[in-house]
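For reference, the structure is listed below as structure tokens.
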Number of protein chains: 2
Amino acid sequence: MDASSLTIAPGAPEPIYRQIVEQVRRLIAGGQLPPGELMPSVREVAGFHAINPMTVSRAYSLLEGEGLLERLRGTGMAVAQSARSARPEAERMSLIEPRLHELARAARELELPASRVLRRLDQLLENGE
Amino acid sequence: MDASSLTIAPGAPEPIYRQIVEQVRRLIAGGQLPPGELMPSVREVAGFHAINPMTVSRAYSLLEGEGLLERLRGTGMAVAQSARSARPEAERMSLIEPRLHELARAARELELPASRVLRRLDQLLENGE
DNA sequence: CCATGTGTATCAATACAACAATACACATGG
DNA sequence: CCATGTGTATTGTTGTATTGATACACATGG
């Protein structure tokens, strides 16, 4: 994987290390990051996105704690061979459940018609924009 | 409005005062809180949800700053007469745009089929559960 | 063998949220 | 009139989280 493939928004309210953790978590569960895949080094990511190496390290450590990454001493971090990657659809769905609930609640409070919300989301999912 | 109508999750990562602000913002934009509607007192909300009155006051003050609430001295806070309430659909949609983008991105990284995501969201929007 | 590249332990700086305890100015309403 | 109920300013404390700077241990590979 490349450092430029990571999407990071330094200005977002969501802390940087968590942005990384959740993104990598999803890419592994989705199968886009297969076991054995080497991750970009902490300094590489940090340099590219102008953030602190320790922030990246923290993200990697958390992912290691989850068993998703493994440390190759002297080499870097890689997607763990034992990582539960390319998970079944139902399990991947569960990862966006909280977001779905929040969205539904917000839409309800705004009295937005379901059709309208669904149409817009469909648009974003298909076209990506 | 009643203090019990406010949904507050003290354990959530989202700070309490912002939970209140955004919720009220949406309820006004959606028209469920019409101009003139009296808000529950800070002590009432604080007592019901076991939080600090100053935390509620902070939320109310921010909403006053946005022109959504107005202070009725000696009485409490009410939805401002000048509040832009019951906004047109397009404007209400814009309030959930960020959430929609995040959701779409997460779904994409998880390689989830659009149909599945849309079906689940539809379920939550219609049944509320 | 040792320069170079890994990750990270450690400590510090900062910011933020929430709570706590008052005290205050003000309007209502019996 | 004045007890009662508004919101709020103030000050301080606590807990937590995030980020950052530095130094370190370690393995690789020419």
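The values are calculated or read from the model by the stated rules, or taken from the named source; none is laboratory data. Keep in mind that this is a model prediction, so the values were computed, not measured. When we count neighbours, we look across all protein chains shown, and the Cβ atoms used for this are built from the backbone with ideal geometry, even at glycine. Just the protein is used for accessible areas: all its heavy atoms, side chains included, with ligands, DNA and RNA removed. Shrake-Rupley method; radii C 1.70, N 1.55, O 1.52, S 1.80 Å.
General remarks:
- Remark: accessible area buried at the A-B interface is about 4200 Å², both chains counted, probe radius 1.4 Å.
- Adding -39500 (n - 2.57) for every DSSP H run of four residues or longer, then dividing by how many residues chain A holds, sets the calculated 222 nm ellipticity at -16000 deg cm²/dmol.
- Here region B:104-129 and region A:24-85 have alpha carbon centers that stand 27 Å from each other.
- Hull-based mean projected area of the protein assembly as shown, where the convex hull spans the alpha carbons, in square nanometres: 15.6
- Legend: residues in region A:29-67 shielded by at least 50 square angstrom of accessible surface upon adding the remaining protein chains to the isolated chain (1.4 Å probe, heavy atoms) are A:GLN32.
- Cβ-derived FRET efficiency at R0 41 Å, B:GLU91 paired with A:GLU22, nearest 0.05: 0.85
- Share of carbon and sulfur in the accessible heavy-atom surface of region A:20-129 [1.4 Å probe, %]: 48
- Distances between copies of A:ARG105, taken at a point 7 Å out from Cα along the Cα→Cβ vector and listed shortest first: 2.1 nm.
- Taking the longest Cα principal axis of chain A as reference, the axis of helix A:114-127 is set at about 40 degrees.
- Nm distances between copies for A:ARG116, ranked from closest, using label points 7 Å along Cα→Cβ: 3.0
- Sorted shortest first, the distances from the A:THR7 label point to those of the same residue in the other copies are 2.5 nm; each point sits 7 Å from Cα along Cα-to-Cβ.
- Net charge over other residues, Cβ less than 15 angstrom from the Cβ of B:ARG92 (K, R count +1; D, E count -1): +4
- Helix axis angle, A:53-65 relative to chain A longest principal axis, alpha carbon, degrees: 80
- Along chain A, counting only trypsin sites (Lys or Arg not before Pro) with a DSSP assignment other than H, G, I, E or B and at most 14 other Cβ atoms inside a 10 Å radius, the longest segment between sites is A:1-72.
- Residues of region A:3-79: accessible area per residue with a 1.4 Å probe, Å²: 50
- Both numbers refer to the Cα atoms of region B:1-122; Rg and Dmax are 16.9, 56 Å.
- Seen from A:GLN19, the other residues with C-beta closer than 13 Å to its C-beta sum to a net charge of +1, counting Lys and Arg as +1 and Asp and Glu as -1.
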